[in-house]
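Student: Here's a structure for you.
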Amino acid sequence: MPPKRRKHLGRRTAADSAAGAARASEKPLNRLSQMASSSAARLSTESAAVRTESLASAASTMSARRARLSVEERSSQNSQDAVRVARNSRATAASRASERPQETAHRRFRNALSTASARALESPAQTTVHRVRNARSPASARALESPAQTTVRRVRNARSTASARAAENSEVRRQRVVIDADRRPHGEHERRFNAPVCNEIAAVIHGEEHNSRDIVIRYRGGGLRRISETHRSYDCLQYPLLFPYGSDGYHCRIPIYQGSSDSMSTSKTVSCRAYYAYMFMVREGEFNHLHRCRQLFLQFAVDMAAKMESERLGFIKLNQSKLRTDSYIHLRDGLRSAGNPHNLGKPCILHSSYTCGPPYMHEKTQDAMTYVCHYGRPDLFVTCNPKWVEITSEPFPGQQYSHCPDLIVRVFRLQLCKLMDLILKGQVFGRVKCHMYTVEWQKRGLPHAPHSAVAQR
């Protein structure tokens, strides 16, 4: 072993021997005090760790509470910001309402000038990005819409446009028609002028003479124009909520297409009744917004029914020669011998084929009285029941049977035809000699049909 190594080991051994001798010479009390101090130091270290952990948990709890408080403060701040924005908007509207027209023009010019200056400082790339973003945001919002939301948005836009146009016309005034049931014309049937017991929409048509309806269009730039009810733009101008896109309505030059081919017949056109019967049909897979307008749909249906009658009367007036009115010699002599100066002019005679006209009603009345005189009074009285399953299961959500007059008359017609087949072909009452019926509406909201059928005994 080298001498330096031996010397180092000797010193270490001497130090260990001295420490052992010192421990051996210590008293027990001193040793206990040293053990207690070491234990206290160890306990103090453990308590410091515990305190550190508790402080960390308390700090996390305080941070969570502080986060909640910040959220509440932000929400309250948002509400305060909303109130502030509303107050500022109200103050701005009030100040703009009180300013003069010259001040309004100056303010709008300054706003337009500042916007133009800001856009002039943009680079071509920034201008392109600005336009693309402005065009993309409405397109993205519309792409995420459902079909129902799209329809609602279009109806709202059409409603706002119609309201703005109605506000432009300050000459429109509210009118009210009062019907007094106690005042009835002398010599008329007393029940004809009874007040209705249900809410209905009706049209009052003057029946003394056939004149065109007074429909006038007012242009925005000024000027008036008179059109007929069969004009192609009448429907969209009169009912902008039903035709928000301004599509053409019925006119007298709609050709008839022959079958499934694309060739059309130039000699025949679609009648007013056929056109609106096509429009009133409910189609599966479509929104059918026309039937969801409730009272507006009822008004539209009544107006179009009046248009049908007007078209038929106009055809009869313009085709008197085809109806051979010149052969009514005795009728013409009677008109001339009456001598009433108010009846002078060119006479227009209604044919019996015109439904509900005086010749038609007179002919049917004479036939009915003849049947009653020979076979007896009516035996059946058929009315419409709004609780039929065919009626209650078809309306849209939120609708009642009173909102669907087309559905009521179709179901009633089918039920009446089924009953007629049961009586005539099924012979449930025996072999029928004669029968007659009429469909009436007596201002109760539902149709009914008095029916007379005389069976062979």
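Student: Share of Cα-Cα pairs in the range 351-457 beyond 25 Å, in percent?
Tutor: Percentage above 25 Å: 34.
Student: If you take the beta carbon distance between Lys364 and Arg154 as r and set R0 to 41 Å, what does 1/(1 + (r/R0)^6) give as a FRET efficiency, to the nearest 0.05?
Tutor: 0.30
Student: Can you pull the one-decimal nm distance between simple spin-label points at His206 and Asp421, each 7 Å off the Cα toward Cβ?
Tutor: Result: 4.7 nm between the two label points.
Student: Now for a separate question. How would you classify the range 213-299 from its alpha-carbon gyration tensor, with a ≥ b ≥ c the square roots of the eigenvalues: rounded for a/c under 1.5, else prolate if a/b is greater than b/c, otherwise oblate?
Tutor: The shape class here is oblate.
Student: Using R₀ = 30 Å, calculate the FRET efficiency as 1/(1 + (r/R₀)^6) where r is the Cβ-Cβ separation of Ser146 and Leu241; round to 0.05.
Tutor: Calculated transfer efficiency: 0.90.
Student: How large is ³J(HN,Hα) for each residue in the range 284-291, as worked out from phi by the Karplus curve 6.51 cos²θ - 1.76 cosθ + 1.60 (θ = phi - 60°), to whole Hz, x for Gly and Pro?
Tutor: Each residue's phi maps through the Karplus curve to give 6, x, 10, 6, 6, 5, 5, 7 Hz.
Student: Expressed in nm to one decimal, what extension gain is obtained for the pair Arg220 and Val197 from 0.36 nm per residue of sequence separation less their Cα-Cα distance?
Tutor: In short, 4.1 nm is gained.
Student: So, one more: Magnitude of the Cβ-charge dipole of the range 213-299, K/R +1 and D/E -1, about the Cα centre, nearest 20 debye?
Tutor: So the dipole magnitude of the range 213-299 works out to roughly 360 debye.
Student: Determine the sum of side-chain charges near Arg226: Lys and Arg each +1, Asp and Glu each -1, restricted to other residues whose C-beta is under 14 angstrom from that of Arg226.
Tutor: +1
Student: Another one. Between Ser352 and Gln258, what length comes free when the chain is fully extended (0.36 nm per residue of separation minus the Cα-Cα distance, one decimal in nm)?
Tutor: Gain in length upon complete extension: 30.8 nm.
Student: Using DSSP to define loop residues, name the trypsin sites (Lys or Arg not before Pro) in the range 349-447 whose beta-carbon has at most 11 other beta-carbon atoms within 10 Å.
Tutor: For trypsin sites (Lys or Arg not before Pro) across the range 349-447 that sit outside H, G, I, E and B with at most 11 neighbouring Cβ atoms in 10 Å, the list reads Lys387, Lys425, Arg431.
Only the coordinates and a few stated rules stand behind these numbers; no lab work does. Quick caveat, the model's predicted, so the values are computed rather than measured. Here Cβ is always computed from backbone atoms with ideal geometry, including for glycine, and neighbour counts include all displayed protein chains.
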